[in-house]
1. Looking at segment 181-206, which of its residues are open to solvent by less than 10 Å² (accessible area, probe 1.4 Å), of a type in the set (A, V, I, L, M, F, W, C) and outside any helix (DSSP H, G or I)?
2. Does residue 77 qualify as being of a type in the set (A, V, I, L, M), modelled with pLDDT under 95 and not in a helix (DSSP H, G or I)?
3. Of all residues in segment 155-180, count the ones that are at pLDDT 95 or above, small (Gly, Ala, Ser) and open to solvent by 10 Å² or more (accessible area, probe 1.4 Å).
4. How many residues are crowded, with 24+ Cβ neighbours inside 10 Å, among the small types (Gly, Ala, Ser) and farther than 14 Å from residue 70 by Cα if we restrict to segment 83-123?
5. Could you go through segment 144-154 and let me know if any residue there is open to solvent by 50 Å² or more (accessible area, probe 1.4 Å), part of a loop (DSSP other than H, G, I, E, B), over 18 Å from residue 89 (Cβ atoms) and in contact (Cβ under 8 Å) with a residue 40 or more places away in the chain.
6. Taking the condition of being surrounded by 18 or more Cβ atoms within 10 Å (Cβ to Cβ), in a helix (DSSP H, G or I) and in contact with a Lys or Arg (Cβ under 9 Å, 6 or more places away or on another chain), how many residues in segment 39-61 meet it?
7. Can you confirm whether residue 215 is surrounded by fewer than 19 Cβ atoms within 10 Å (Cβ to Cβ) and farther than 24 Å from residue 84 by Cβ?
8. If you check every pair at least six apart or on different chains, which have Cβ atoms under 8 Å apart with a residue in segment 77-91 that is within 14 Å of residue 106 (Cβ to Cβ) first and a residue that is open to solvent by 80 Å² or more (accessible area, probe 1.4 Å) and not aliphatic (A, V, I, L, M) second?
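The values are calculated or read from the model by the stated rules, or taken from the named source; none is laboratory data. Because the structure is a prediction, the values reported are computed rather than measured. Using ideal geometry, Cβ is built from the backbone for each residue, glycine included, and neighbour counts are taken over all protein chains shown. All accessible areas refer to the heavy atoms of the entire protein, side chains included, with ligands and DNA or RNA removed. Shrake-Rupley method; radii C 1.70, N 1.55, O 1.52, S 1.80 Å.
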Amino acid sequence: MNVRPDLPRIAPQCQADVQRTSVILVHGMLASHRSMRPIADSLSDLGMHVTSWRYSTLIHSIRDHADRLARVVLRHLADRDVETLHFVGHSMGCIILRQTLLRFRLSGARFVMLAPPNGGSRLTRLPSGPLARWFPPFAELAEHRDSLVNRLPSPTGLDVGVVAARWDRVVELEATRLRCSHEHLVVSATHQRLPRHEEAVRQVQHFLLHGCFDRPAATQRSDPRRRAA
């Protein structure tokens, strides 16, 4: 069942800006673009133009996926009808986006990460033996400090929000955090259900519209322990 939360109110003067906003969605490992449909539908209802990018999750490396995704980003940036470009990823999709965005300098962009394995994934603890060479992402998402994900530079020039799943058996809660200033929120959901969870969908909407999550002012701040250098 698709989740369709109540639409946030948008001031009339902002409606035109929303209609010139595009969002690229990137799903996670062992999922498809359909897993992001509740988010896609909710953002389309706001008037944003949504691209839910498809890719084969296991048979290519994160770098290869990022090379392909970069061409999609370039097409959006060349579109004169697009004034602002935002990004939403789930799980490995967040890391593909991080790798992709290293080559761009974007103004006014916002990036919401859902259950991102920024410090690696628990799945990589499983022994893969000779199959490892057939599934490059497993090595790239390893939890040790020399893995691709742990050597990726932190996102810069973007407003970044992280939504973690409280009952996540794929990514440790602490591993969802970044080493730069960012918003961090925990939702009572599992890793797989997070992109379809009503509260997560609502928070994605709010962050892309306002650059922050919707919660009491007392907790509306970036992670105080992880400030940008």
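1. 187, 189
2. no
3. The number of residues fulfilling the criteria is 1.
4. Count: 4.
5. Scanning segment 144-154, I find no residue that is open to solvent by 50 Å² or more (accessible area, probe 1.4 Å), part of a loop (DSSP other than H, G, I, E, B), over 18 Å from residue 89 (Cβ atoms) and in contact (Cβ under 8 Å) with a residue 40 or more places away in the chain, so the answer is no.
6. 2
7. Criteria not met by residue 215.
8. Listed pairs, sorted by first residue: 82/20; 82/49; 83/20; 84/20.
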